[in-house]
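The structure under discussion appears below in the form of structure tokens.
The values are calculated or read from the model by the stated rules, or taken from the named source; none is laboratory data. Just so you know, these numbers come straight off a predicted model, no measurement behind them. For neighbour counting, all protein chains shown are included, and Cβ atoms are generated from backbone atoms with ideal geometry for every residue, glycine included. Surface accessibility is based on the protein's heavy atoms, side chains included, excluding ligands, DNA and RNA. Shrake-Rupley method; radii C 1.70, N 1.55, O 1.52, S 1.80 Å.
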There are 4 protein chains.
Amino acid sequence: MSKGRMEAFSDGVIAILITIMVLELRPPREASLPALFPLLPVFLSYALSFIFLGIYWSNHHHLLQAVKQVDGRVLWANLHLLFWLSLIPFVTAWMGQNPFATWPVALYGLDMLLAAVAYFILVRALLSLHGQQSILAAALGSDLKGKASVVIYLVAIALAFVSSWFACGLYVLVAAIWLVPDRRIEKTLAR
Amino acid sequence: MSKGRMEAFSDGVIAILITIMVLELRPPREASLPALFPLLPVFLSYALSFIFLGIYWSNHHHLLQAVKQVDGRVLWANLHLLFWLSLIPFVTAWMGQNPFATWPVALYGLDMLLAAVAYFILVRALLSLHGQQSILAAALGSDLKGKASVVIYLVAIALAFVSSWFACGLYVLVAAIWLVPDRRIEKTLAR
Amino acid sequence: MSKGRMEAFSDGVIAILITIMVLELRPPREASLPALFPLLPVFLSYALSFIFLGIYWSNHHHLLQAVKQVDGRVLWANLHLLFWLSLIPFVTAWMGQNPFATWPVALYGLDMLLAAVAYFILVRALLSLHGQQSILAAALGSDLKGKASVVIYLVAIALAFVSSWFACGLYVLVAAIWLVPDRRIEKTLAR
Amino acid sequence: MSKGRMEAFSDGVIAILITIMVLELRPPREASLPALFPLLPVFLSYALSFIFLGIYWSNHHHLLQAVKQVDGRVLWANLHLLFWLSLIPFVTAWMGQNPFATWPVALYGLDMLLAAVAYFILVRALLSLHGQQSILAAALGSDLKGKASVVIYLVAIALAFVSSWFACGLYVLVAAIWLVPDRRIEKTLAR
């Protein structure tokens, strides 16, 4: 089976998620500068989730570059990833409306954790299809970033109940780790 | 006529449907854990419909793999399928807001039934274009799952007026039947 | 310039328009059958607009099959068509909320008229790029349906001020004329 | 890395932005012509933003025609552009609800300015990948329009605090400058 439609469908879903989040940013009734201030936490939540979805899209793009074929199991591992990503607008809106409140911040981390686990499962499904000697396996290497992200999310969720500011700081840290694009695949493919 | 744009358009519509459903999941005003509880039926409806749309996308993807060309009749059979799929967010929202109420559960089943019939018509239109000796015909075989789904939906709609829990259980059963990916086409294409 | 992205962008816009219209179909609060009845005009407006957008997508698909290349003028003629199509959810919602009221029905016809004119301009832009001896010109022929639609829309808009039922009947007539797929292009390409 | 998915993803995001803006155009409750009049500024804001997004899509399409490959840096420069474009529905809605009010008009210009800067950064990232001797560099030339737009936006933002009508006039001027499609790339590619 060709990977074209799985790419197109994932692009579609992520493109829609990244844009419907902006609908939460309701224009204020008043036409003054101070009327914008209460929107700041909503805007920051939006920007953070935009970056996370951008990271997933970029990594998905890199990952699929090294993929030759897909099967039914891969399609469902991908849909599973898209399910947790599809909840990002919901957790973003809740966190934006209740800035730095414990439960919304923890739920945000939980959704991110489940998306990270789903991405890991997708990578496993692709590896089992392509084999440990494939370009894909070489390109992925030890996946240190992926493992570190899961650990940081777990710490952040626990810390949300102590200090939600700290948890948010950890989310920003994960985003920063990933913003450096995943050059492993680019390098391995170039060789 | 090439099938490329019909695939792209269907991917687009299903990707949008799968993501706008999440807009029904309104973040609660309060930032507490109990505030999330009333959202549980809405979330479960969403998850069920996400899976159904994922099944349609996955089967559509498998089906089109074995297709060589399309014509005007196939385009409209496909748009007809997309019409009933496009009502899934509506029936999902109604069922989510009125968990296990008779009419919403029955209407959900009716929409699923009409989508299943539309998929059947699409398959017929493709078969009449490709012939009974085509790879497509071999790949589809007797379509036992498709026929079983229609029967189960009919039973579920009738049962909704006796016990809507039972009807919902039957919807989950149909989803479970289809979650096993349609390997017929994969196998026939591989041969 | 290749036509690929113009097709993809148009598919995207039409796919989104066809699906966001369904957001107007708000689930009723009550979980009873009679609660659905007031939604009937909204549903019928939705179904009519779904068919019109389906016709535009199908014709656009047929038209682009015979197209070899595009230029900046064609891109803007296409965006101009998408602009009037993008207002369909608005006029559909207004007509659905005020069934058979004069102004909504007339505005619906006006938007349809402007979309038909925009489609005509797009066809002209493509013809001036491909020449009167091209496959495209042969495939399009005299465009009787296109001209008839414009006349029927004009009559329908005028009649909306006498009887909006009659105007709606004419819209259904235009849809029926076009539902028969545009075999001119299929036939000419096959030759 | 191939540019296909970056094109598809950008098409998707811009297609969604262009269509969700129309959701701000709420159908009035009354079915009369005067009920439409208050919507005029919202409609004009929508039309202006539709044209701006159409310009970005058209220019993006032209730009990518001359591009051979992309890397991680280009993907993020593109996501950065999409971020500022994704705020257009928000600033459009605020300006439409408060026609010719100072702050909404200024914020609209600021978002346009940041999008223009992001487009400039994307062009730089592509040039540094393709080299100053590439077709891309030849096709882009001195980018007079891009530089002029940035200057006009800066003037318009400042002028919004004197006369917001004048600022809006300048936005229309920028749109008019760009509506003439960017023939540099078409010409250079044709050679």
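On the stretch D:28-90, 69 percent of the accessible area sits on carbon and sulfur atoms, based on a 1.4 Å probe.
Residue by residue, the stretch C:2-13 carries 3J(HN,Hα) couplings of 7, 8, x, 6, 5, 5, 4, 5, 5, 4, x, 4 Hz when phi is fed to the Karplus relation 6.51 cos²θ - 1.76 cosθ + 1.60 (θ = phi - 60°); x denotes Gly or Pro.
List the pairs from B:Lys68/C:Lys145; B:Lys145/C:Lys3; A:Lys145/C:Lys3; B:Lys147/C:Lys145; D:Lys68/D:Lys145 whose alpha-carbon separation is above 28 Å, in the order I gave them. Pairs exceeding the cut-off: B:Lys68/C:Lys145; B:Lys145/C:Lys3; A:Lys145/C:Lys3; B:Lys147/C:Lys145.
Express in % the proportion of alpha carbon pairs of the stretch B:1-70 at distances exceeding 13 Å.
Numbers: 1699 of 2415 pairs.
Counting pairs separated by more than 13 Å, the tail of P(r) holds 70 percent.
Kindly state, as a whole number, the per residue volume in cubic angstrom of the convex hull around the alpha carbon atoms of chain B. Numbers along the way, then the final one.
Working: hull volume 22.3 nm³, N = 191.
Spread over its residues, the Cα hull of chain B gives 117 Å³ apiece.
Post the alpha-carbon centroid distance, the stretch D:30-76 to the stretch B:113-154, in whole angstrom. After rounding, the separation between the Cα centres reads 41 Å. Couplings for the stretch A:116-128, taken from phi via the Karplus curve 6.51 cos²θ - 1.76 cosθ + 1.60 with θ = phi - 60°, read 5, 5, 5, 5, 4, 5, 4, 4, 4, 4, 5, 5, 5 Hz in order; Gly and Pro are left as x. Position A:Ala138: other-copy label points at 3.6, 3.6, 5.1 nm, ordered by increasing distance, label point 7 Å along Cα→C-beta.
Accessible area per residue for the stretch A:27-117 is 32 Å², calculated with a 1.4 Å probe on protein heavy atoms, without ligands, DNA or RNA. Estimated from helical segments only, the mean residue ellipticity of the protein assembly as shown at 222 nm is -25000 deg cm²/dmol, where each DSSP H run of four or more residues counts as -39500 (n - 2.57). Simple point charges give the picture: +1 on the Cβ of Lys and Arg, -1 on the Cβ of Asp and Glu, and for the protein assembly as shown a dipole about the Cα centre of about 1780 debye. Placing a label point 7 Å from Cα along the Cα-to-Cβ axis, D:Ala176 is separated from the same position in the other copies by 4.8, 4.8, 6.8 nm, shortest listed first. One way to sum up the overall shape of the stretch B:53-157 is the equivalent ellipsoid from its Cα gyration tensor, whose semi-axes run 29, 14, 10 Å, largest first. Taken one residue at a time, the phi angles of the stretch D:146-158 give Karplus couplings (6.51, -1.76, 1.60, θ = phi - 60°) of x, 5, 4, 4, 4, 5, 5, 4, 4, 4, 5, 4, 5 Hz. Gly and Pro are set to x.
Run the numbers on chain A and let me know its relative contact order in percent, using alpha-carbon pairs under 8 Å that are six or more apart. Before the final figure, lay out each step's value.
Values: 205 pairs, mean separation 49.0, N = 191.
Taking the mean separation of contacting Cα pairs over the length of chain A, I get 26 percent.
Placing unit charges on the Cβ atoms only, positive for Lys and Arg and negative for Asp and Glu, gives chain A a dipole magnitude near 480 debye about its Cα centre.
Across the stretch A:107-163, the convex hull enclosing all Cα atoms gives 62 Å³ per residue. Chains D and A together bury some 3100 Å² of accessible area, summed over both sides, with a 1.4 Å probe.
For the protein assembly as shown, the normalised intensity computed at q = 0.05, 0.06, 0.11 Å⁻¹ comes to -0.25, -0.36, -1.42 (log10 of I(q)/I(0), Debye sum over alpha carbons, equal scatterers, no solvent).
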